[in-house]
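S.K.: Attaching a single structure in structure tokens format; questions to follow.
The values are calculated or read from the model by the stated rules, or taken from the named source; none is laboratory data. Since we're looking at a predicted model, the values are computed, not measured. With ideal geometry, Cβ positions are generated from the backbone for all residues, glycine too; neighbour counts draw on all protein chains shown.
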Amino acid sequence: MTDQMPTRQQIEYILEAATHAPNHHRVEPWKFIVLAGEARIELGQIMQDALLSRMGDVPLTQVQSQLEQEERKPLRAPVIIAVISEFPRLEYALDIENVEATSAAVQNMLLVTEELGLAAIWRTGEAAYDDQVKHWLGVEPEDHIVAFIYLGYPAIPRLERRPTPIESKTTWYGWEG
């Protein structure tokens with residue numbers, strides 16, 4: 001991606017699209033944390049610290065390049081949107097259904113990102129499950145980081161995507177015709 005920032009209006013349009021995702025019991029379990037500028041640098045430092053904590057007693061000389069790479073990850077795009085799925089607050093709602101609904105919200109975000117001519121990458125990785133990272137973002141321990149959406153303008157032309165034909169992915173039962 002290039003360093004060019006999407007506009008706030010574009011980001012708000014993307015977030016608005018997310019809120020139209022289907023969700024069980026109309027609980028709208030998603031939250032969004034938009035990071036740009038210095039916040040990405042801080043996130044990289046937290047991700048690096050979290051990785052170092054997960055590594056335990058490994059000598060720094062053996063893992064220095066991996067730590068540096070982890071710290072640079074949030075700088076790959078000018079904007080990162082952390083998409084959070086809240087743990088159900090209602091006794092009849094299921095956690096997995098909230099995660100599924102939040103994933104549908106992410107898909108909506110990716111679709112309108114394409115419509116706007118922007119580039120997006122849906123990332124997770126170990127940082128999405130790390131308590132230090134969640135704490136820094138203000139995410140409750142029982143909630144889930146479903147996506148880190150890296151957002152910006154494409155640095156290279158889009159490659160044409162050719163999905164696998166649906167015939168190889170579909171089974172029909174009770175269908176005549």
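S.K.: Would you tally the residues in region 113-129 being in contact with a helix residue (DSSP H, G or I) (Cβ under 9 Å, 6 or more places away or on another chain) and under 20 Å from PRO29 (Cα atoms)?
M.R.: 3
S.K.: Check whether at least one residue in region 126-137 is assigned to a loop (DSSP other than H, G, I, E, B) and under 17 Å from ILE33 (Cα atoms), and report yes or no.
M.R.: yes
S.K.: Working only within region 59-83, note down all residues that are of a type in the set (A, V, I, L, M, F, W, C) and either in a helix (DSSP H, G or I) or more than 20 Å from ASP131 (Cα to Cα) (or both).
M.R.: Residues satisfying the conditions are LEU60, VAL63, LEU67, LEU75, ALA77, VAL79.
S.K.: Starting from region 70-94, keep only residues that are farther than 11 Å from VAL34 by Cα, then list their pairs with residues that are surrounded by fewer than 19 Cβ atoms within 10 Å (Cβ to Cβ) and polar (S, T, N, Q) whose Cβ atoms are within a distance under 7 Å, requiring at least 6 positions of separation or different chains.
M.R.: From residues that are farther than 11 Å from VAL34 by Cα, the pairs are GLU71/GLN45.
S.K.: When both residues are 6+ apart or on different chains and their Cβ atoms are under 7 Å apart, which pairs have a first residue that lies in region 27-41 and is under 26 Å from GLU91 (Cβ atoms), and a second that is surrounded by fewer than 16 Cβ atoms within 10 Å (Cβ to Cβ) and modelled with pLDDT of 95 or more?
M.R.: Once the first residue is under 26 Å from GLU91 (Cβ atoms) and sits in region 27-41, its partners that are surrounded by fewer than 16 Cβ atoms within 10 Å (Cβ to Cβ) and modelled with pLDDT of 95 or more give GLU28/THR19.
S.K.: LEU110 passes all but one of (1) touching a residue at least 40 places away in the same chain (Cβ under 8 Å); (2) farther than 22 Å from VAL133 by Cα; (3) under 17 Å from the mean Cα position of the chain (by Cα); which number fails?
M.R.: Evaluating LEU110 over (1) touching a residue at least 40 places away in the same chain (Cβ under 8 Å); (2) farther than 22 Å from VAL133 by Cα; (3) under 17 Å from the mean Cα position of the chain (by Cα) leaves (1) as the failure.
S.K.: Here are some conditions: (1) of a type outside the set (S, T, N, Q); (2) surrounded by fewer than 14 Cβ atoms within 10 Å (Cβ to Cβ); (3) modelled with pLDDT under 95. LEU67 meets all but one. Which one does it not meet?
M.R.: (2)
S.K.: Under the condition of being surrounded by 13 or more Cβ atoms within 10 Å (Cβ to Cβ) and among the polar types (S, T, N, Q), which residue from region 28-62 is nearest to GLU16 (Cα to Cα)?
M.R.: In this case the residue turns out to be GLN45.
S.K.: I'm trying to understand the selection: among the residues of region 40-58, which are of a type in the set (Gly, Ala, Ser) and either touching a His at 6+ places or on another chain (Cβ under 6 Å) or outside any helix (DSSP H, G or I) (or both)?
M.R.: The answer is GLY56, and nothing else.
S.K.: Of all residues being crowded, with 20+ Cβ neighbours inside 10 Å and more than 11 Å from the chain's Cα centre (by Cα) in region 87-107, which is nearest to GLU160 (Cα to Cα)? Just the residue, please.
M.R.: ALA101
S.K.: Can you confirm whether LEU137 is closer than 21 Å to GLU16 by Cβ, touching a residue at least 24 places away in the same chain (Cβ under 8 Å) and surrounded by 15 or more Cβ atoms within 10 Å (Cβ to Cβ)?
M.R.: no
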